[in-house]
Amino acid sequence: MARPRLPRSVEELVHWYERYISPLSLVAGFLADNFILLRRVDLLRSNLLLFSYLVIAAVGIFLINLVESGRVRSKRFLSVAPLISVVVQFAFGGLFSGYLSLYSRSAAFPASWVFVLFLAVLLLGNERFTRLYSRFTFQFTLYYTVLFSFLIFFLPVVFHQIGPYMFVGSGFAALAIVALLIQPLKLFMPELVKRERTKLARAIAVVFLAFNILYFAGAIPPLPLALKDAGVYHAVTKQSDGTYLLEGEATPWWDVIFPYNPTYHRQPGETVYVWSAVFAPSGLSTSILHVWQRYDTTSRAWVTVSTYGFPINGGRDGGYRGYSNKTDIQDGAWRVNVVTQYGQLIGRISFTVVTATSTPELVETTK
């Protein structure tokens, strides 16, 4: 029998087209978040967008529980109730997409790939969560996860501070907000809240503990800080207009797109410069460190040779610029970790030093 041209109900409409709408909205949302809407964590429109998703998800969860508990009897409302899960799914998808965009741009892959992969799994698995959105514990555990992820960078933007205390405070603030959201449900469906509260408390405790383990292990990117640009150069000069004149070796076009471990050809006694631009939100001032490390082939380990620190001020779209240098550097594999004052990895510049028999061709750039 041929399928009718028009769906008989909203539920049937959702069933027919959710397999097409979900992937398209996923791709469109991710592209919009990456290139248009979520360029910086301190922009009003970025935070309003994420906050609106959080509000939509919270309202949707409340309505889903009203329907599931049988408290709503209006036939008109019940006829469109299947759309609520779709809207909640859309809101969570927007949050996963936004977080993946922001955290992946901030992440130093060697340290933060676990958390970024976790966000990617949530984003790609979101379209499979439709039926799970009707479960009380799953709803609020997932909501706590996205709320915690939001407050990690939102509270530092508001209070102009970063560090372990701000991170832990974000977790407790998310917990308090979730507790407040559950209060209205206690009035309408006390038996459901009473039945699920122990299971929910355990689930949220696991998320809180996991986030803290990842944070103190350096696996959560140190948002709102992000490495915008970095490189190794033969000379760095700060000019009178505040820009930096950088003299570096010419590189093939694919190294510009996929920069990976360039070779630095040094003359004896030459000074090696590492330059970086770190983004921080407006009003936030902190210190960052350049940690110079050399790979010891005997012990097969990275050895810290020296550490240089300097303050940065937030607000510049291209990042606050600074550099460190080292003279009489040895041949071999080197890397400079750009870290926060608390040791979190913001980014890494890797390069190989070899003694040159002639002066390499240098290219000047201004940044």
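The values are calculated or read from the model by the stated rules, or taken from the named source; none is laboratory data. Just so we're clear, the structure is a prediction, and the values are computed from it rather than from any experiment. Please note: Cβ atoms are built from the backbone with ideal geometry, for glycine as well, and neighbour counts cover all protein chains shown.
Here are some residues: SER287, SER299. Which one is assigned by TED's automatic domain parsing to the domain that holds VAL354 and over 17 Å from GLY319 (Cβ atoms)?
Sole residue among the options that is assigned by TED's automatic domain parsing to the domain that holds VAL354 and over 17 Å from GLY319 (Cβ atoms): SER299.
Of all residues in segment 287-319, which are of a type outside the set (D, E, K, R), surrounded by 13 or more Cβ atoms within 10 Å (Cβ to Cβ) and at pLDDT 90 or above?
If the condition is that a residue be of a type outside the set (D, E, K, R), surrounded by 13 or more Cβ atoms within 10 Å (Cβ to Cβ) and at pLDDT 90 or above, then ILE288, LEU289, HIS290, VAL291, TRP292, GLN293, TYR295, TRP302, VAL305, THR307, TYR308, GLY309 are the ones that fit.
So ALA203 clears everything in (1) buried (at least 18 other Cβ atoms within 10 Å of the Cβ); (2) farther than 12 Å from PHE140 by Cα except one condition, right? Which one?
Looking at each condition in turn, ALA203 falls short on (2).
Among the residues of segment 157-173 satisfying the criterion of being more than 17 Å from the chain's Cα centre (by Cα) and small (Gly, Ala, Ser), which is farthest from PHE136 (Cα to Cα)?
Result: GLY169.
Test of understanding: among PHE211, PHE118, PHE109, PHE140, which residue is under 30 Å from GLY343 (Cβ atoms) and modelled with pLDDT of 85 or more?
PHE211
Go through (1) surrounded by fewer than 18 Cβ atoms within 10 Å (Cβ to Cβ); (2) part of a strand (DSSP E or B); (3) over 31 Å from the mean Cα position of the chain (by Cα) one by one and return the number of the condition VAL272 breaks.
Going through the list (1) surrounded by fewer than 18 Cβ atoms within 10 Å (Cβ to Cβ); (2) part of a strand (DSSP E or B); (3) over 31 Å from the mean Cα position of the chain (by Cα), VAL272 breaks only (1).
Return only the number of the condition from (1) surrounded by 15 or more Cβ atoms within 10 Å (Cβ to Cβ); (2) touching a Leu at 6+ places or on another chain (Cβ under 9 Å); (3) not in a loop (DSSP other than H, G, I, E, B) that THR237 does not satisfy.
Going through the list (1) surrounded by 15 or more Cβ atoms within 10 Å (Cβ to Cβ); (2) touching a Leu at 6+ places or on another chain (Cβ under 9 Å); (3) not in a loop (DSSP other than H, G, I, E, B), THR237 breaks only (1).
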